[in-house]
1. Using packing as a proxy for protection, rank 653-663, 133-143, 332-342 so that the peptide with the highest average count of other Cβ atoms within 10 Å comes first.
2. Give the peptides 367-373, 188-194, 558-564 in descending order of average Cβ contacts within 10 Å, highest first.
3. For a 23 Å ceiling on Cα separation, which of these pairs sit above it: Lys157/Lys198; Lys308/Lys440; Lys613/Lys694?
4. Taking R0 as 51 Å, what FRET efficiency do you get between Ala189 and Tyr672 from their Cβ-Cβ distance, rounded to the nearest 0.05?
5. Which whole number in µm²/s is D for the range 392-436 by Stokes-Einstein, with the Kirkwood Rh taken over Cα pairs at 4 °C and 1.567 mPa s?
6. State, to one decimal in nm, how far the label point of Ala426 lies from the label point of Ala362, with both points 7 Å from Cα in the Cβ direction.
7. First select every other residue whose beta carbon is under 15 angstrom from the beta carbon of Gly598; then total the charges, Lys and Arg +1, Asp and Glu -1.
8. Sort the following peptides by mean Cβ neighbour count (other Cβ atoms within 10 Å, averaged over residues), highest first: 508-519, 258-269.
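No lab work stands behind these numbers, since they all come straight from the coordinates. Computed from a predicted structure; not experimentally measured. FYI the Cβ positions are ideal-geometry reconstructions off the backbone, even for glycines, and counts take in every protein chain you see.
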Amino acid sequence: MARGLGVLVRSERWQVSQGRARPSAMSLAACGSVFAVLVATPALAIEPPPAPDQQQQAVDPATDPAFNAALPPLDSVAAPPAVPAAPPTTSASVTDPVLAQPLPPLAGFDPTPDTSKAKVPTSEDTRIRYSMAVEGLKKIGLEAQFRSLSELENGKKKAANAAQVSARAVDDVALAERLLRSEGYYDGAASSTVTAVKDKPGEVIATISATPGPRYTASSISITQALPDPTARAMKALTPQFAIGSPIRSILVEGGEAQISLALPQQGYPFAKVGQRDILLDGETHTGDYSLPLDAGPRSTFGGIETKGDKIFTVAHLSIFPRFEPGDVYDSRMTDDLRQALVGTGIFSTVAIQPVDTGRKAPDGTEIVDVLVTQEKGPWHAWAGSAGYGTGQGILGTVSWTDRNLFPPEGALIPSLTAGTQEQGANLAFRRSDAGQRDKTFQISGGFDHSNYDAYNAKTINLSVNWSRQSTPIWQKTWTYTYGAELIETDEQGAALNATGARPYRTYEIAALPIEVQYDRSNSLLDPTHGYRLLVRVSPEASIRSGIKGYARLTGQATGYLPIGKSFVLAGRAMVNSIEGVSDIDEIAPSRRIYAGGGGSVRGFGYQQLGPKDAQNNPIGGLTSTELAIEARYRFGNFGIVPFMDAGRVGESSTPGFSNLRYGAGIGGRYYTNFGPLRLDIATPIKRQPGESKIALYISIGQAF
């Protein structure tokens, strides 16, 4: 809704209102007899007043013959008729509280009925139609906004009667004048007419006419009642929005004042408050003098942390979250960051942060302000799940349960289950979030897994420990990392040695020290539309089978996102994998080899199906891979279409390359939700070879990369 600004008018204007007093019926009746007497009385001669030097003698009218002679005889005056006595008042009328209330004043009664909201008859014969015309608003750019708020426009051009059309027109006149004032046309006026349409019975036209008049601009701007430093900061925040020479528009004025309320707490004034503005208009020059009182409060620095409420976190644990130090100039952005970090723990239903004036002074003369954290416990237990489907991978789903604060502070227990057509498993993890440092997580996990894919059949027991700093949907970080250790024992059935023989089982014991670092300059975790990401992963490993064999698994990946207009995003990905330090691939467990193909790799091929095959046409895996992908993401509303092309290769040596690339092409559909896009991709391999699927299908949550 448009809002006008309260102003004072410097030019004098006179407004004259005329009214007519109407005596009550009782007063007229009471005057009736006196009026009759005055009419019946003959005219009296008016004597001039005596000279000042004449002595006047007092005369008693009761004994004055001239006065008595002037009166009419008593027998000529009729007696008034007898008034019947009023019936006795019952006790109910005396004690009835409704009757005991005073009557409302007659002047406050509005006899005009409210017909603007009357129900429109459904019969075509009993209702009227109307059209609408707007004059004077289009040239100043207000007609579209006026029509969006108009009673006439929203009435769908049907009304119960002409009175309802007129009532809507009156409301629209008031709306037009409010819009004019909100845009600085303080002398503007509007009117309405409702007339019948010639030769069209039952149809009228309502015309809203507006005369904007001159637009008022700011001739002076001042901030009052504050010291020079906060005054200068307030003026700097105000003037980009509202400056001298700017039209006195409510959106500019209120926007500038909002910037003051935002900027001062970011610059050391946590208790700053703006007062009631004063705009003094000059009707001759069509300008206005703007002044704004400001209570800036003391300039302040950060002190300590206080807490109240449920007190789930102690002050000691709360102290690891702030990105400010005691003595830093107060900045409300830092307190907002603290609140977001506490919300991100998932432990609180609400968290409130507010400054508290301690009354203490810092050595530089600023006020010391503590930060008060109000804690309110939230639900600590949460279920989570995900599911997907991929050609060659089948259906795969994971469900987990989390007790976020079973071991305070922030010690979570997380059991999870994995179930699918080709993979099943269970895992138990202990996770300590914000472990001695904000955003740092410590986790120990262990479990077992059974995987039965074309490339291998593995039964695995694993135990891992790691430290990490990862992004979350609430707080996406530029730098993230993970490092730790893994112990794995796996019994696996790998590649076939001949076309008809059984695939041999081998047992591997593996120790690894994985490290991963990512630099993220994208704008979203699940649906990035601009920016890029760089990732490096290094995992030194040792495999024990018939002796100890050391090697290293290496990964490098780059993804980029380029917006083209408002609806298109061009996305690309390049990834290289390599296993260094191995000459015989049999020294590497099949589940630890490098594969390509699938919904998160080269689409058009089944899961792990791209690369060399054994005698039974099962994937062997390799020691290196190269993958490339490009997508054109087009979004319309909550839906999207994504044509794409992927390329990749798997090599049997440790040296990456681009020779013998295979290609897959397809198209995908997206349905965008508040937690990320749902993805469905269909692709086919180019120059399909025997044994490869004609069509590959992938369903999951999130973009492919």
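1. Numbers: 653-663: 13.3, 133-143: 16.0, 332-342: 18.0.
Ranked by mean Cβ neighbours within 10 Å, highest first: 332-342, 133-143, 653-663.
2. Details: 367-373: 21.1, 188-194: 18.0, 558-564: 16.3.
Final packing ranking: 367-373, 188-194, 558-564.
3. Working: Lys157/Lys198 17 Å; Lys308/Lys440 25 Å; Lys613/Lys694 18 Å.
In this structure, Lys308/Lys440 exceed 23 Å between Cα atoms.
4. Values: r = 48 Å, r/R0 = 0.94.
Efficiency for this residue pair is about 0.60.
5. Details: Rh = 11.8 Å.
The calculation lands on 110 µm²/s.
6. The two pseudo-label positions are separated by 5.6 nm.
7. Working: positive: Arg573, Arg593, Arg603, Arg649, Arg662, Arg679; negative: Glu423, Asp454, Glu627, Asp646, Asp681, Glu692.
My count for the surroundings of Gly598 gives 0.
8. Numbers: 508-519: 16.5, 258-269: 19.5.
Order by mean packing, descending: 258-269, 508-519.
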